[in-house]
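Contents: one structure, followed by commentary.
Only the coordinates and a few stated rules stand behind these numbers; no lab work does. Not measured: the values here are computed from a predicted model. Methodologically, a virtual Cβ is constructed for each residue, glycine included, from the backbone with ideal geometry; neighbour enumeration extends over all protein chains shown.
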């Protein structure tokens, strides 16, 4: 066996019995970094979704003003936006879940791979995605509803 500790002074040579415990400790200590990375990616994705929804809503302001001017009830355009955001969110969550299911099933079929997503984690991800989708459209719409629909 070649001793590489001179080349890599921070390296440690482990026996077969020591390796599984060291690997388990390294995996456990790296767990927080994975969750931090997931949180950052989720935050950036959420920001992109909210930004896109706000821009789309601002571009629809004249359409909403026309609806009000031709006799739509005061809350009718906002209920329409709520329904649109609900449908778009449900379709998006369903399509995303289908894509993930196909990708995970393909990865899980590879020899030597074992991939399990707990039901609670899957439900939390789907619920969080649905909540983000709804809130990203409903909250800006409600804020826009407070002001005038006529361009300033």
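Brief remarks on what is shown
- Radius ratio Rg over Rh of the chain, counting only Cα atoms, Kirkwood formula for Rh: 1.24
- Label separation (residue 7 vs residue 69): 7.6 nm, computed from points 7 Å beyond Cα along the C-beta direction.
- Computed over the chain with a Gaussian network model linking Cα atoms closer than 10 Å, the most mobile of 90, 98, 126 is 98.
- Candidates 79, 142, 110, ranked by Gaussian network fluctuation over the chain, Cα under 10 Å, top entry: 110
- For residue 25 and residue 108, a Förster radius of 25 Å and the Cβ-Cβ distance give a FRET efficiency of 0.40, rounded to the nearest 0.05.
- Helix axis angle, 119-146 relative to the chain longest principal axis, alpha carbon, degrees: 30
- Degrees between helix 76-108 axis and first principal axis of the chain (Cα, 0 to 90, nearest 10): 20
- If the chain linking residue 146 and residue 18 were pulled fully straight, counting 0.36 nm for each residue of separation and taking away their Cα-Cα distance, it would gain 39.6 nm.
- Each Cα pair under 8 Å and six or more residues apart adds its separation to the average, and for the chain the resulting relative contact order is 35 percent.
- Using alpha-carbon coordinates, inclination of helix 18-59 to the longest axis of the chain, degrees: 20
- Choice from 69, 29, 136 with maximal GNM fluctuation in the chain (Cα, 10 Å cutoff): 29
- FRET efficiency, residue 100 to residue 52 (Cβ-Cβ, R0 25 Å, nearest 0.05): 0.75
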